[in-house]
There are 2 protein chains.
Amino acid sequence: MEPHRLSATEAALLIAEQKLTSEALTASCLERIEARNADVKAVVAFDRDKALSEARKRDQAPGGILNGIPFLAKDVIDTADYPTAYGSPIYTNHRPVADASVIAQMRERGSVLLGKAATAEFATRHPAEARNPLRLTHTPGGSSSGSAAAVADFMAPYAFGTQTTGSIIRPASYCGIVGYKPSFGTFSVGGVRPVSPAQDTVGLLVRSVSDAALVTFGIADLAGRAEKQPMPRFAVCRSSQWDHAHKDLRADIEALAGKLGNRRAPDVTLDADFEQTIEDQEHIFAYEVNAIAAHERATAPHLISKALTERMARGAAIDLAAFLDMQKNARAARQRVDTLFANAEILIYPATEGEAEEGIAWSGSARFCALWTLMHMPTITIPLGLGPTGMPWGVQLIARFGDDMPLLIAAEKLAKLIAR
Amino acid sequence: MEPHRLSATEAALLIAEQKLTSEALTASCLERIEARNADVKAVVAFDRDKALSEARKRDQAPGGILNGIPFLAKDVIDTADYPTAYGSPIYTNHRPVADASVIAQMRERGSVLLGKAATAEFATRHPAEARNPLRLTHTPGGSSSGSAAAVADFMAPYAFGTQTTGSIIRPASYCGIVGYKPSFGTFSVGGVRPVSPAQDTVGLLVRSVSDAALVTFGIADLAGRAEKQPMPRFAVCRSSQWDHAHKDLRADIEALAGKLGNRRAPDVTLDADFEQTIEDQEHIFAYEVNAIAAHERATAPHLISKALTERMARGAAIDLAAFLDMQKNARAARQRVDTLFANAEILIYPATEGEAEEGIAWSGSARFCALWTLMHMPTITIPLGLGPTGMPWGVQLIARFGDDMPLLIAAEKLAKLIAR
């Protein structure tokens, strides 16, 4: 197997056993980028010499749970070694003075930064040039488009993304990989361009659930842990959003739930208050992004996309009292959401409406993600098969705030069940 | 009266009535800085020509609720016009490429940036050179030391500070002014150096409650609004922390509570779980600041203070599972804290242990602030008189999350009662 096809967990073991060098692995990932990036356009900055030099250092002085493992970071995450443009022409060639927290922390753990992955404008909607590697005519989803496309295309075993509505779960689902949005605040937002700080969450694009556990918790054998745990109870979560899911996706999820036997708890339903919270999520986003981009709006309005300009205008129309009311309601809903878990540890929900669409102008609906992001709950999408046109889709699993390890274990077990 | 002695509310009215120019007001503030800053050391960067030029523009093309009003910003808040050193020698002469959200937003509202105010290292503990303007041998408190000292010394009518434990309330109390920490997320944290994102809050140092309402809500007549409202009910909040408050401060608060008559509700008491949450607050801080400063720790450890280095080491010893457990408990406590408001809209609590101490090495205890900051609740301190050595202290008022307007109205009414 070419090294770039290895998962982070597999590669870490081989490197620890000295059966693989970080240099060889990094070189293989770089070759993949060089071979494919002209088509996929997932990586917006990389430097072969720099990455290989860093990899050799890891070979010479190993240390850390991620020793020698290459990674990419969405280009809203500051890097001192690479330009960071936040997906905006305003910041072309901008070079931050410091690495973001997650970059510095992964390096502390031995990981090797390969470069930067394409992002939609300021992690919002106006898309990057990145393509879905499974079908280059199609969107990879957004806003973590480059991170998802790169990992799906074996350019790196893992990449950081960010999610403020559905920007990790959606592209992961569209690209047929695993997307993990941890509990709010799990990874530090230090040095990450904010969008809506009430809900901005740093997370991972990976090709296996195990890799999410490795990078997040430093756990090298999730599969072993999962085997020792009983199967959790799952409940399918219903909402009016389901009307927008493709009928075949709905059928796939019903079929999966049917396989759960006595580990399936009664379905739960999002009531009208939660549906209102889903609407508030976008208003909170608009209010906050209008504040976040106040400098750019004042100094370079002509370089801001129409979509973002309109969204900011919607945010500007919301006054502080209304914003605080929505935040109060969200705070109350964060407690009330636990009632959905009365009979189950894990909720099952679509990740997207369906397959990735053709074209890259529209990165797809985030309707199945908005609530969980605002509620700060950990969610993960794992591949659930292919839709009618042959593109992948995922199933989303959701756990209570802070229950990230139970979520990862559940996802590992469910992925096995799906593969059976 | 010299213009620099005007409150923001007073000055805004005079400017709107064309009885005062922004240029005259700004010049007066600059003269005050020039006369006093060698002693007070509150302002770390300012530029007379730049500020006056900005003020003249406001006079020529007025607009915005804060038209022509000068302000300062704590030096953890990015400014493109002024260096931003985050209180750290690592960032001496660092010049951000963009203004922080609050800077750009205040400028949108017509306010004139005067310059930057001293901050403790990365808004933590290692102090700046700023002095208490009321007694130059004494600490102004921290970490928003320069913001509090400058406003208390009439260098600017308002200044932005940040609070992650007690960094607004404490220095305001020590300097005899009003400190307002709004509900978490009220002001955007965009472009503000994070410390502990779970609790970092941008807020205000002002000389009147009215000014807090003007800058935050754009309300120019808080006093008029307050008169139309009934007096809210207040409850004194008890906790083991009170053992650390100066006996005379305790007596002053009892005396104030005694004046409330039938607007005083029965006292409430922080139970053992809340006391545990106060301890968790520091652990969450340590865990998060260890992540936040990972880059600086890797690249310039010799330029980090001993205090912060030790704090980060304590944070590094906390694993992610323990951190998530504390965050879960904090999330639950955010709901439970509402039970303290069963009979009262506003809690009364000390702001500090007592008066500012001599020397600037120790910026004072934040024990009376930690819980409310982690709980994301709005709090305000208003001056309550003088302690035994003749230095001021404040009383802290606390409201439910999102109840910022009721808090400001209550503070306005209570300030009148104290003044009687």
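Read-outs throughout are calculated quantities, based only on the coordinates presented, and are distinct from any laboratory measurement. Computed from a predicted structure; not experimentally measured. Virtual Cβ from ideal backbone geometry, glycine too; neighbours counted across all protein chains shown.
General observations
- The modelled label-to-label distance for the pair A:LYS306/B:ILE418, using points 7 Å beyond Cα in the direction of Cβ, is 5.4 nm.
- 20 Å tail of the calculated P(r), the range A:1-127, as % of Cα pairs: 44 percent
- Peptide B:284-294 has a mean of 5 when you count, residue by residue, the C-beta atoms of other protein chains within 10 Å of its C-beta.
- Where rotation carries A onto B, the chain A residue whose Cβ is nearest that axis, in whole Å: A:GLN335, 2
- Relative contact order %, chain B, counting alpha carbon pairs below 8 Å whose residues are six or more apart: 18 percent
- The distance from the alpha carbon centre of the range A:239-311 to that of the range B:281-321 is 35 Å, rounded to a whole number.
- Across the options A:GLN327, B:ALA98, A:ILE15, the greatest Cα extent toward the positive end of the charge dipole of the protein assembly as shown (unit charges at beta carbon of Lys, Arg, Asp, Glu) belongs to A:GLN327.
- Distances between equivalent label points of B:PRO230 across the copies, with each point positioned 7 Å along Cα→Cβ, amount to 5.3 nm, shortest listed first.
- Residues of the range B:302-329 with amide N under 19 Å of the 7 Å Cα→Cβ point at A:GLN229: B:319-329
- Considering only Cα atoms, the convex hull volume of the range A:1-68 works out to 88 Å³ per residue.
- Base-10 log of normalised Debye intensity for the range A:3-223 (one unit scatterer per alpha-carbon) at q = 0.07, 0.10, 0.12 Å⁻¹: -0.17, -0.36, -0.52
- Within chain A, the percentage of alpha carbon pairs spaced more than 36 angstrom apart rounds to 20%.
- Exam field: B:ARG336 pseudo-label spacings to other copies (7 Å along Cα-Cβ), nanometres: 2.2
- Per-pair calculated FRET efficiency, R0 = 25 Å: B:GLN18 and B:LYS57 via Cβ, rounded to 0.05: 0.95
- Over the range A:110-243, the Kirkwood radius and the radius of gyration, each from Cα atoms, give a ratio Rg/Rh of 0.98.
- Nm distances between copies for B:GLU279, ranked from closest, using label points 7 Å along Cα→Cβ: 4.6
- At 1.567 mPa s and 4 °C, Stokes diffusion of the range B:326-420 via Kirkwood alpha-carbon radius, µm² per second: 88 µm²/s
- Cα centroids of the range B:366-408 and the range B:46-107: 27 Å apart.
- Averaged over peptide B:335-343, the number of partner chain Cβ atoms lying within 10 Å of each residue's Cβ comes to 1.
- Cα centroid separation, the range B:343-365 to the range B:117-133: 17 Å.
- Taking the Kirkwood radius as Rh and the Cα radius of gyration as Rg, the protein assembly as shown has a ratio of Rg/Rh equal to 0.98.
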